[in-house]
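Asks: Here you go, one structure.
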Amino acid sequence: MNRLLTLVYDELRGLANARLSGLAPGQSLRPTDLVHEAYIKLVATDDRTWENRRHFINAAGMAMRSILVDRARARMTIKRGGDRQREPLHEDAAVFNRDPSEVIAMHEALEAFAQEDERAAQVVSLRIFLGMAESEIADLLGVTDRTIQRDWKYAKAWLATRMKGEAKISREMAG
């Protein structure tokens with residue numbers, strides 16, 4: 001496990017850095033912390049037999065996603081000021097990064113979507129939660145860029161339907 005982590009540590013840290021760079025100011029989680037927390041989660045699991053680099057990166061990505069969702073849930077609690085609204089300072093940050101309820105909603109929608117199309121759900125998770133580019137995801141999953149583009153397009157439509165209703169999809173397709 002330590003040897004495998006050594007081989008992919010820089011890549012995981014880069015992915016964590018890309019994902020966390022879009023968070024609103026004042027967040028206490030740093031890329032190194034996210035990678036280390038993911039490592040601790042992976043070590044704690046009973047299933048530590050990863051077939052290859054891709055399998056390990058996917059497992060680490062799921063661990064990072066879980067950590068980000070858990071932190072979003074914690075931020076939403078009343079005790080931690082979850083009833084207060086924050087004013088984001090960076091307009092270019094993804095919407096779900098600014099609102100913990102949207103992180104949780106995305107997580108729940110992805111859980112349901114994974115039952116229908118596991119690879120497309122992985123594409124969304126890798127792209128949204130880790131900030132990976134389509135070409136990086138294609139390489140990681142061992143498919144073509146075009147396959148990832150199709151999965152991404154399908155996933156966006158499915159998730160938009162699930163999260164915002166049919167009206168949102170109709171507007172996007174018309175515009």
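The values are calculated or read from the model by the stated rules, or taken from the named source; none is laboratory data. All figures in this text were calculated on a predicted structure; none of them were measured in a lab. For neighbour counting, all protein chains shown are included, and Cβ atoms are generated from backbone atoms with ideal geometry for every residue, glycine included.
Asks: Let me confirm something: among LEU15, LEU29, LEU34, which residue is part of a helix (DSSP H, G or I) and modelled with pLDDT under 85?
Replies: Details: LEU29 fails: part of a helix (DSSP H, G or I); LEU34 fails: modelled with pLDDT under 85.
Every option except LEU15 fails the conditions.
Asks: Still on this structure, I have one more. Do we have ASP99 as modelled with pLDDT under 75 and either within 25 Å of ASN17 (Cα to Cα) or among the small types (Gly, Ala, Ser) (or both) here?
Replies: Yes, satisfied.
Asks: If you don't mind, there's one more thing I want to ask. Does ALA74 count as hydrophobic (A, V, I, L, M, F, W, C), modelled with pLDDT of 75 or more and either surrounded by 15 or more Cβ atoms within 10 Å (Cβ to Cβ) or in a loop (DSSP other than H, G, I, E, B) (or both)?
Replies: no
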